[in-house]
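I have placed the structure first, in the form of structure tokens, so that the comments after it can refer back to it.
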Amino acid sequence: MNNSEQLFQRALAMIPGGVNSPVRAFRSVGGTPFFTRSADGARLTTADGKELVDFVLTWGPAIHGHNDPDIRAAVREALDRGTSFGTPNPLEVEMAELILSCVPAVKKVRMTNSGTEATMSAIRLARGYTGRNKIIKFSGCYHGHVDSLLVKAGSGALTQGNPDSAGVTPGTAADTLVAEYNNLPALSALFDANAGQVAGLIVEPYPANVGLILPDDGFLAGLRALCTKHGAVLIFDEVMTGFRLSLAGTQGLHDVVPDLVCMGKIIGGGLPVGAFGGKAEIMDKLAPLGPVYQAGTLSGNPLAMAAGLASVRKLKAQNPFARLDALGRRVRDTLLAAAQAKGVPLQVPQVGSMFSLFFNAQRVRNYDQAVASNGDLYRKVFRTSLDKGVYLAPSPYETAFLSTAHEGRDIDKACEVLDAAVRSL
Ligand code: KE4
């Protein structure tokens, strides 16, 4: 057995499935997951010394590539002052100012330790603010492992084949209504059938936990109109898209203003961070001001704030979004050309530094069409690419990410490998 296999055997004896997050177990693509010894730029180095061009980027945070020197320096400098205080610290103020300067919808913000905490808190806040119980989500969207949102969820839940988790009580699930993405008429009917009961609607503006699905023209504006009409809080879950597609996330690409925004990943620079923010009148319902309780021992942790500040400030300084979109287009065009040459039906939805592969003859507009795509072909491309040194997400129900560190030799190699992998189908 190689080092990763030995590590996995040891892990299996102590950690459920050998992993601390299910999607890492490679259950959807088969084989033993590799363990990573180190990461730098666009590359991971496995426990067996193999270098991989990384399209997972720790599921989104590493937009500058791994081991970014500016982030590393910021964390090192913060470390000299201590790791955690349990009191307010100056970096929390700087982070709040930075987020408010980037995301127009956010007038007040609260830091958490994960994306899950951010979405969990946002739906509790929507319920506390409106006095209503029901929440609308969309099939295939994943908002972290919140009980009430693990209903027809995506990402690992979908990868494991159980989008509705055990342990979520019928009572909890009863207050969760599930709609179909890109279907405004059905959503309008759902609102009408639950008139006066919907506290909020939570959506990944660009669902990226079911592969990547892009909104039909007018869909996001339609969500805004329906939530306004029905007095429901519109919550954009931008844990993945925030600061990745623009400094304001998808809000920088669409003239749609949500009431609350959930964030994470990039604003932690690779350390554990989440955040939620939005209208002051809603946010002020949070303890200690208002009746909605929410808390966290390590919320606003100085090391995580230092890493996130360095990452977002670097985005503000460099504004790399056009460069990242050019990289994304190059990968998309490479994949589509190879599929056409091979005669394989392939869709490659792409926006900025995000893309995914659906082996499907039609554009994928919703969950049902995503899961009807050919997962076996994805698995073959995943395996061939990994064997040739390129790491795609170990599930067809995830999204690939690019970083500024991919420019140059790494994107050249990746395109060469992905082209060959599709042509070898
Ligand atoms: P975390 O609790 O994992 O920090 O964030 C949950 C979350 C919330 N909202 C969106 C849109 C998300 O994509 C996520 C987490 N993303 C997955 C990747 N698809 C995390 C990977 C994992 O579960 O290991």
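Of the residues 36, 87, which single one is within 16 Å of the ligand (Cβ to nearest atom) and open to solvent by 60 Å² or more (accessible area, probe 1.4 Å)?
Working: 87 fails: within 16 Å of the ligand (Cβ to nearest atom).
Residue meeting the stated conditions: 36.
Kindly provide the set of residues from segment 1-33 that are within 14 Å of the ligand (Cβ to nearest atom), hydrophobic (A, V, I, L, M, F, W, C) and open to solvent by 20 Å² or more (accessible area, probe 1.4 Å), ordered by number.
15, 19
Considering only residues of segment 204-231 that are in contact with a helix residue (DSSP H, G or I) (Cβ under 6 Å, 6 or more places away or on another chain) and free of Cβ contacts under 8 Å to residues at least 40 places away in the same chain, which is nearest to the ligand (Cβ to nearest atom)?
222
Can you find a residue in segment 101-108 that is of a type outside the set (Gly, Ala, Ser), modelled with pLDDT of 95 or more and within 16 Å of the ligand (Cβ to nearest atom)?
Within segment 101-108, one or more residues are of a type outside the set (Gly, Ala, Ser), modelled with pLDDT of 95 or more and within 16 Å of the ligand (Cβ to nearest atom).
Which one of 253, 260, 298, 289 is buried (at least 24 other Cβ atoms within 10 Å of the Cβ), over 15 Å from the mean Cα position of the chain (by Cα) and of a type outside the set (S, T, N, Q)?
Result: 260 is the single residue among 253, 260, 298, 289 that is buried (at least 24 other Cβ atoms within 10 Å of the Cβ), over 15 Å from the mean Cα position of the chain (by Cα) and of a type outside the set (S, T, N, Q).
Being open to solvent by 10 Å² or more (accessible area, probe 1.4 Å), of a type outside the set (S, T, N, Q) and not in a helix (DSSP H, G or I) narrows it down to one of 379, 383, 363, so name that one. Show your work before the answer.
On the way: 379 fails: not in a helix (DSSP H, G or I); 383 fails: not in a helix (DSSP H, G or I).
None of the other options fit; the residue is 363.
The values are calculated or read from the model by the stated rules, or taken from the named source; none is laboratory data. Only a predicted model underlies this, so the values are computations on that prediction, with no experimental measurement involved. Cβ sites come from the backbone with ideal geometry, for glycine too, and all protein chains shown count toward neighbours. Surface accessibility is based on the protein's heavy atoms, side chains included, excluding ligands, DNA and RNA. Shrake-Rupley method; radii C 1.70, N 1.55, O 1.52, S 1.80 Å.
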